[in-house]
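Asker: Take a look at this one; I'll ask things after.
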Amino acid sequence: MTFTKPSDCLLKYPSMERQDLNQSQLGSFKFTPIDNLPSVPPLAMQYFPANMDPAAATFMPSTAPSTVPSPTLSALHSTLHGSSLVDPATINQSLCLALANEQQAHNATRVALNQEVQRCMELEAQIKNNVQQIASLTVTVKNLGAIIKHNINKDNHTDTEAERGGSFAEDEENTAVASSESIPSAPQRIIVKMPSTFEGEPKWSVNKDNPIFNDDEEMWRVCDGASADWIRNSRFPEYPVRYLPEKAVGAFNAYRTVMIDDIPLGTTVKDVLEVVRGGTLQSIQLFPPIGRVNPHMTARIVFVYESAADRMYKQQEKAPFIINGAPVRTWKPIDPTYPCSAEIEEAMFGGEQASRIVLIGEIMDDRFAMLEPKMQRLNLAHAAIDYSWTIDGYGSIEFTDVKTAIKAMKELKRDRDFVGADFRYDDDYTRRSY
């Protein structure tokens, strides 16, 4: 940027009298009274263009490129500090040119600095993304390790059962050897040996200090200071975020969940249950679309036994399921299903044989009509799928999960309107085979 006259300078100062200028405005520049100004020294002349007349204080523009270097503030300061100039107008013009050049350098430095800051921010965001990907891959590796150990244990268990079913003969050394005629030769298997230090099970953090509960006793010690109302109403004692025991990895009932995606909008839980077979359900949930990311619904189905989940998954491999006229995607998560609480396990596997379906006998139509309002008052109506009569005259309430059915039966047994009623659980119709 080159200025041809003082009026083109970036910094324009209002006109002022000489007595208005003080030392703070002039900075470190020193001036000599105009009556005592000598001629311009040769050292200062190198900072003025060749076509400028210092005595006349005028500037004549020229089209020829100038070889004189642009003045800078430091150079002018060092020159003017020890010399006296002829004309204040000449000094102002030179100062403005120097200030313009300094501002150009400042702007260029600021642009370069902004570019460097932007580049650092992009690198920081990329580093955070890489850290998240590494953490996700770490969790996936642990889960895959758990599945491998689970499958190895299941295969070993299957092989053991097959060997036990074969016929054995005892040789002279009393060594049991399988008969080749009664048992077919076992297929070759590739044994994957896991490192002894590989844990192979997922863990969840409770807080930033990462405490984990090794057993229920430790979990209850954490809840020891809580009030009775909190323990009765909070879901933490039933679903704590805690350590998943190692025995869940080697158990044969750890992976009991089946997921169904791409379910059309408007589908109900009853519609999804039409394709669910193979075993008793512990729970079923139907989730709406998540914002604008997924225009379809998703169902999560948890069976009581892992074998039922395997049967449903294998069935969709033979014939993919269709819900509400649309094909859906069925898959099994790689994470183990979270275990039930001790209360639910006792109700399902004990004498009650609890299920999702509650039966109420010895009631009339007026009592049956009270069921739905009572479920609403108990805040359980959201989990009720259907109210109906059975063929043998029982009132029936089908819930989405066993836990809600257990709670509903307890409340109805205490209700005075249902004194003398016969309460029991019905077999889940999802037990039927495909």
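Asker: So which trypsin sites (Lys or Arg not before Pro) in region 281-318 are both in a DSSP loop and have at most 11 other Cβ atoms within 10 Å of their Cβ? The partial results should precede the final answer.
Answerer: Numbers: sites: 292, 300, 311, 314, 318; in loops: 292.
Qualifying residues, ordered by number: 292.
Asker: On a full-extension model of 0.36 nm per residue, what is the gain between residue 290 and residue 133, subtracting their alpha-carbon distance, rounded to one decimal in nm? Numbers along the way, then the final one.
Answerer: Details: separation 157, 0.36 × 157 = 56.52 nm, distance 2.23 nm.
Value of the extension gain: 54.3 nm.
Asker: Continuing with this model, one more query. For the modelled label position 7 Å from the Cα of residue 277 along Cα-to-Cβ, which residues of region 399-434 have backbone nitrogen atoms closer than 19 Å?
Answerer: Counting only backbone N, you get 427-434.
Asker: Fully extended, how many nm does the chain gain between residue 353 and residue 319 (0.36 nm per residue separation, minus their Cα-Cα distance)? Provide the component values of the computation, followed by the final result.
Answerer: Working: separation 34, 0.36 × 34 = 12.24 nm, distance 3.19 nm.
Result for the pair: 9.0 nm of gain on full extension.
Asker: Follow-up question, since we're still on this one. Nearest 0.05, what FRET efficiency do residue 154 and residue 224 give at R0 = 41 Å with Cβ-Cβ as r?
Answerer: Values: r = 39 Å, r/R0 = 0.94.
Efficiency, from the Cβ-Cβ distance: 0.60.
Asker: Go ahead and run the numbers for FRET between residue 387 and residue 424, Cβ-Cβ distance against an R0 of 22 Å, rounding to 0.05. Could you put the intermediate results ahead of the total?
Answerer: Working: r = 16 Å, r/R0 = 0.75.
In this case the efficiency is close to 0.85.
Asker: Cross-link list 314/374; 332/403; 314/403; 142/314: which exceed 31 angstrom alpha carbon to alpha carbon? Show your work: numbers first, answer last.
Answerer: Working: 314/374 40 Å; 332/403 23 Å; 314/403 28 Å; 142/314 25 Å.
Where the Cα-Cα span goes over 31 Å, the pairs concerned are 314/374.
Asker: Also, I was wondering about something else. Can you work out the Karplus-derived ³J(HN,Hα) for every residue in region 252-267? Use 6.51 cos²θ - 1.76 cosθ + 1.60 with θ = phi - 60°, whole Hz, and x for glycine or proline.
Answerer: 9, 9, 8, 10, 10, 9, 10, 10, 10, 10, 6, 7, x, 5, x, 6
Bear in mind these aren't lab numbers, they're just calculated from the coordinates by the rules spelled out. This structure is a prediction, so every number in the text was calculated from the model and none was measured. Neighbour counts run over all protein chains shown; Cβ positions are idealised from the backbone, glycine included.
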